[in-house]
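The values are calculated or read from the model by the stated rules, or taken from the named source; none is laboratory data. Small disclaimer: the values here were computed from a predicted structure and weren't measured. Quick reminder, even Gly has a Cβ in these numbers, built from the backbone with ideal geometry, and neighbours come from all protein chains shown. These area figures cover heavy atoms from the full protein model, side chains too; ligands, DNA and RNA do not enter into them. Shrake-Rupley method; radii C 1.70, N 1.55, O 1.52, S 1.80 Å.
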There are 2 protein chains.
Amino acid sequence: MHRTRVRVVRDALDANDTIARANREDFDRAGVTVVNLMSSPGAGKTTLLERCLKGLGGVRAGVLEGDVRGSLDADRIASLHVPVAQIETEAGFGGECHLDANMVRSALPSLPLDEIDLLVIENVGNLVCPAEFRVGEDLRAMIISVTEGEDKPLKYPLMFRACDLVLVNKIDLLPHLDFDLDKLLHHLDAVHPDVPRLLVSARTGEGVEAWRDWLVEATSRTREPAVA
Amino acid sequence: MHRTRVRVVRDALDANDTIARANREDFDRAGVTVVNLMSSPGAGKTTLLERCLKGLGGVRAGVLEGDVRGSLDADRIASLHVPVAQIETEAGFGGECHLDANMVRSALPSLPLDEIDLLVIENVGNLVCPAEFRVGEDLRAMIISVTEGEDKPLKYPLMFRACDLVLVNKIDLLPHLDFDLDKLLHHLDAVHPDVPRLLVSARTGEGVEAWRDWLVEATSRTREPAVA
């Protein structure tokens, strides 16, 4: 029976990759750079997005929000007058714990792809499955907050290995924690050497400028400038 | 295709329930109370266990650790001379994001059920799928740390609804956060009214006595005292 389950999962992954490629072609055609943003629940994905979306220079951003239930995050983004669409994963048997390519595809008609240069997909808060499903993104960024402990890269290696940027968030809390930042970075190097990392605080704004720069640079690196 | 996927998931759940019942029968025969402990990554499951396991009076505890990769948590528990077994979920296609009844069943021979009164199963850090899979437990406890934000009960309703106790951890950090505890409890009441909740700090030990009392009470309530 175990063998049967693995078989099903592999088939699902293949279908996912097929749809992810179709998404990618649509994004390419529209000239939109796509960043898949992942983290544990409560690590600060939405707050870090709120912090950066209005300061991206000429880059026009949109957001796709994935949540098990509710539109709390989408409402926060919409209040910034940024185009946002919402995927609620609860249609599954108790809530899907990740976005897959098909869910993203179903949301594409709700997004004005021709009017944006950058789409950030805020995945469901989870350090395991989101890293297993490509959705058609160019780049993956993940957030680890310093309140989560130094051991996370060792315990969730796929997530830390699959990403192109690691944001270390909530560094304003470091004075109040028994947390060894060097140890986290050491564990990160063990799992994904040389991955770019930014120390940030969504609360104080420290490091947010570098996060904005990374998004702007990612957009210009992966896409030709739009021709009017 | 979507219908097919839902069908597969339901079959898997049924098989899980069958095995969970078999686990439960084994636990009942051995007179062991089982608590399934769940939370986001880094919310403090292991630290809260370390804090309480040695102060349970006459209750002899054991631990089953679920992690995607590594035995870091199991090693921490073992250093307290508490019986511990470890399930590594990485055998799946990138790491299972939850424990299921079959994984727990496979670990039972590694646990001295006749020598313990209480088994705490530390699930994989995740607020979605662990709540969907019964593993044969009597009770479910979940931890939300105050660094995760007040909105989590609304975003992950199944997890908060499925549990018999909510531990609100890291309350020592409240003075350093923009976090409204009343708002969290209000959201919790909206999703699961009257669920018992304990405010704790694994770091300072505040509230840990009440957590120990809950475990001792749960053990005596669900099992007859062992007859020598």
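Quick notes
- Scanning the stretch A:179-224 for residues that are acidic (Asp, Glu) and part of a loop (DSSP other than H, G, I, E, B) yields A:Asp180, A:Asp194, A:Glu206, A:Glu224.
- Odd one out for B:Gly95, checked against (1) at negative phi; (2) in contact with a helix residue (DSSP H, G or I) (Cβ under 7 Å, 6 or more places away or on another chain); (3) at pLDDT below 95: (1)
- Checking B:Ala107, B:Ala61, B:Ala141, B:Ala101 one by one, the residue that is in contact (Cβ under 8 Å) with a residue 12 or more places away in the chain, within 14 Å of chain A (Cβ to nearest Cβ) and either surrounded by 23 or more Cβ atoms within 10 Å (Cβ to Cβ) or within 26 Å of B:Glu25 (Cα to Cα) (or both) is B:Ala101 and no other.
- With respect to being without any contact (Cβ under 8 Å) to a residue 12 or more places away in the chain and over 14 Å from the mean Cα position of the chain (by Cα), A:Asp117 falls outside the description.
- First in the stretch A:157-179 and at the interface with chain B (Cβ under 9 Å from one of its Cβ atoms) and basic (Lys, Arg), second anywhere and open to solvent by less than 30 Å² (accessible area, probe 1.4 Å) and assigned to a helix (DSSP H, G or I), Cβ under 6 Å, 6 or more apart: A:Lys170/A:Val146; A:Lys170/A:Thr147
- Just one of the listed residues (A:Val216, A:Val208, A:Val200) is under 18 Å from the mean Cα position of the chain (by Cα), open to solvent by 30 Å² or more (accessible area, probe 1.4 Å) and either in contact (Cβ under 8 Å) with a residue 60 or more places away in the chain or at positive phi (or both), and it is A:Val216.
- The stretch A:153-172, residues that are under 21 Å from A:Thr47 (Cα atoms) and surrounded by 19 or more Cβ atoms within 10 Å (Cβ to Cβ): A:Met159, A:Phe160, A:Cys163, A:Leu165, A:Val166, A:Leu167, A:Val168, A:Asn169, A:Lys170, A:Ile171
- Within the stretch A:122-138, the residues that satisfy the criterion of being facing chain B (nearest Cβ under 9 Å) and surrounded by 24 or more Cβ atoms within 10 Å (Cβ to Cβ) are A:Val124, A:Gly125, A:Asn126, A:Leu127, A:Val128, A:Cys129, A:Ala131.
- Selection from the stretch A:64-78 of residues that are in contact with a helix residue (DSSP H, G or I) (Cβ under 7 Å, 6 or more places away or on another chain) and either closer than 20 Å to A:Gly95 by Cβ or open to solvent by 30 Å² or more (accessible area, probe 1.4 Å) (or both): A:Leu64, A:Glu65, A:Gly66, A:Asp67, A:Val68, A:Arg69, A:Gly70, A:Leu72, A:Asp73, A:Arg76
- Scanning the stretch A:64-89 for residues that are of a type in the set (S, T, N, Q) and either under 24 Å from A:Thr204 (Cα atoms) or within 11 Å of another protein chain (Cβ to nearest Cβ) (or both) turns up A:Ser71, A:Ser79, A:Thr89.
- Residue in the stretch B:14-56 that is modelled with the lowest pLDDT, counting only those that are within 12 Å of chain A (Cβ to nearest Cβ) and surrounded by fewer than 16 Cβ atoms within 10 Å (Cβ to Cβ): B:Asp14
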